[in-house]
Structure formats: C-alpha cells, structure tokens
1. What is the residue count in region 1-29 for residues that are surrounded by 13 or more Cβ atoms within 10 Å (Cβ to Cβ) and in a loop (DSSP other than H, G, I, E, B)?
2. Could you say whether any residue in region 54-65 is outside any helix (DSSP H, G or I) and out of contact with any strand residue (DSSP E or B) (no Cβ under 6 Å at 6 or more places or on another chain)?
3. Tally the residues that are surrounded by 11 or more Cβ atoms within 10 Å (Cβ to Cβ) and touching an Asp or Glu at 6+ places or on another chain (Cβ under 8 Å), restricting the search to region 30-57.
4. Within region 82-96, can one find any residue that is surrounded by 11 or more Cβ atoms within 10 Å (Cβ to Cβ) and not aromatic (F, W, Y)?
5. How many of the residues making up region 70-101 are among the basic types (K, R) and either farther than 27 Å from R4 by Cα or modelled with pLDDT of 80 or more (or both)?
6. Please work out if E78 is out of contact with any strand residue (DSSP E or B) (no Cβ under 6 Å at 6 or more places or on another chain) and either hydroxyl-bearing (S, T, Y) or outside any helix (DSSP H, G or I) (or both).
Amino acid sequence: MFSRVFFALFGLAMAVAPRKSLRPVEQVLLSGYENPEALEPKEWYLDAIRAKGVLIFVAAVVTIALERRGAGKQLEKELKAWAETEATKLATANADEDASE
C-alpha cells in the first residue's frame, strides 16, 4: 500500500512540476558534463514527462481503489462466514435447551 501511495505522489509531482522532477535524474546522468545546469529540456519533453506523471498517478490511484474494493469484498465474505457460524452455534444451543426441557 505504501508503494502505491508513493507512486501516486511521485506521479503527481511529475505532472505538476516536470522540470523539478528531472533534477535528480539530470544530476546522475549529466554528472560527466562540464556545464550540465546550462542544458534545458525542450517543451515537448516536459510535456511528455507531465503526461507520464499523470499516467503514473492515475494507475496508482486505480490500483489503490481496486485493492480497497477487493479488501472490502474479502471482509464481507469473512463476516458472512462468521455470522453463519454464530447462527449455527445459536441454533445448536437452542436445540439443546429444547431437548433438555
């Protein structure tokens, strides 16, 4: 769950501020260049990074929603099984009381 929230926030950051989200990558990839801070990404590249961020955000949110939905269904199944078990116990106890009278 934590990783999905992290990816949602990461995607949101990429969508909102694509230039800032590129800085850590630039520092690693352009470390061998003399003047890497002078390099500027083109607008189409920033648009692509922004679109990628939106896709990552949407995928993470959908995954979180589907996991929660699945967890809810699992909880519902467990509650039904518990209720059936308790109903059986109650019916058995009532039958024993009726037999002893």
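The values are calculated or read from the model by the stated rules, or taken from the named source; none is laboratory data. These figures come from a predicted structure and were not determined experimentally. FYI the Cβ positions are ideal-geometry reconstructions off the backbone, even for glycines, and counts take in every protein chain you see.
1. So the answer is 1.
2. The first filter runs over region 54-65 and keeps only residues outside any helix (DSSP H, G or I), leaving none.
There is no residue in region 54-65 that is outside any helix (DSSP H, G or I) and out of contact with any strand residue (DSSP E or B) (no Cβ under 6 Å at 6 or more places or on another chain).
3. At the first step, the residues of region 30-57 found to be surrounded by 11 or more Cβ atoms within 10 Å (Cβ to Cβ) are 30, 33, 36, 41, 45-57.
From what is left, the residues that are touching an Asp or Glu at 6+ places or on another chain (Cβ under 8 Å) are 36.
Selection size over region 30-57: 1.
4. Of all residues in region 82-96, those surrounded by 11 or more Cβ atoms within 10 Å (Cβ to Cβ) come to none.
Scanning region 82-96 turns up no residue that is surrounded by 11 or more Cβ atoms within 10 Å (Cβ to Cβ) and not aromatic (F, W, Y).
5. The initial filter retains those residues of region 70-101 that are among the basic types (K, R), namely 73, 77, 80, 89.
Checking which are either farther than 27 Å from R4 by Cα or modelled with pLDDT of 80 or more (or both) leaves us with 80, 89.
Residues in region 70-101 being among the basic types (K, R) and either farther than 27 Å from R4 by Cα or modelled with pLDDT of 80 or more (or both): 2 in total.
6. Values: out of contact with any strand residue (DSSP E or B) (no Cβ under 6 Å at 6 or more places or on another chain): yes; either hydroxyl-bearing (S, T, Y) or outside any helix (DSSP H, G or I) (or both): no.
Judged against the criteria, E78 is not a match.
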